[in-house]
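Structure first, commentary second.
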């Protein structure tokens, strides 16, 4: 493909799916164990795609001794690699660095600097390295602190807020995509991430509803490549991903059988 497939609108029809809000701990695997397995068994694995700002990620990973796939997973979950992403909480750039407190803690004193991808990725990597040192290499706790702030996450892991637990699981899902495990398609070497199309299915106000929707749609229509993102608006967007027009058409037929129509 020469360029990224444009996003499409989706129309709900046929059936109504009841989406129940899940608690942060409901039906969730042991994230601490999953991240420990990643650290010991998967951290050296190469990313499945060529992602945006690849050189910036590679340099930051080497500079701070971090797995490149972990940095990519955080970036995909935080901004989907958008250099000018801005959240309602006043976090900015690829790694969503909070302005001004976290940025200044990391030595960044101009907001505009956060929109330079290499500067932002370096800052996010440095912050993550600092948190991993604070939590003795525990990725689950470091990610919880990346999202909630280290002042709210005890070093022994006691009493982690449910939202921080959710965030760790959210990044773990994006990690699976980065490593080529979060899609029904087999990644082709040197595939550009920018060539993977995305079509928005639904947008939710709560993360647990987005997660439940994806889980149930995957159960109903196996073979779909689905994902979901937290957007800067504070909403949670479920998307269909596809590598080419043929894959899009096959997925559209599956969705139609499940009660959806994509235009």
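The values are calculated or read from the model by the stated rules, or taken from the named source; none is laboratory data. Computed from a predicted model, the values in this text were never measured in an experiment. Virtual Cβ from ideal backbone geometry, glycine too; neighbours counted across all protein chains shown.
Restricting attention to segment 203-226, does a residue exist that is surrounded by 14 or more Cβ atoms within 10 Å (Cβ to Cβ) and within 25 Å of residue 39 (Cβ to Cβ)?
Yes.
Conditions (1) touching a residue at least 12 places away in the same chain (Cβ under 8 Å); (2) assigned by TED's automatic domain parsing to the domain that holds residue 134, marked per residue:
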residue: 149; (1), (2): no, yes
residue: 158; (1), (2): no, yes
residue: 174; (1), (2): yes, yes
residue: 199; (1), (2): yes, no
residue: 204; (1), (2): yes, no
residue: 209; (1), (2): yes, no
residue: 214; (1), (2): yes, no
residue: 232; (1), (2): yes, no
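Can you find, within segment 15-38, the residue that is modelled with the lowest pLDDT among those that are more than 18 Å from the chain's Cα centre (by Cα) and under 19 Å from residue 138 (Cβ atoms)?
Here the residue is 25.
Please state which of the following conditions residue 185 fails to meet, knowing it meets all the rest: (1) crowded, with 21+ Cβ neighbours inside 10 Å; (2) over 20 Å from residue 43 (Cβ atoms); (3) modelled with pLDDT under 95.
(1)
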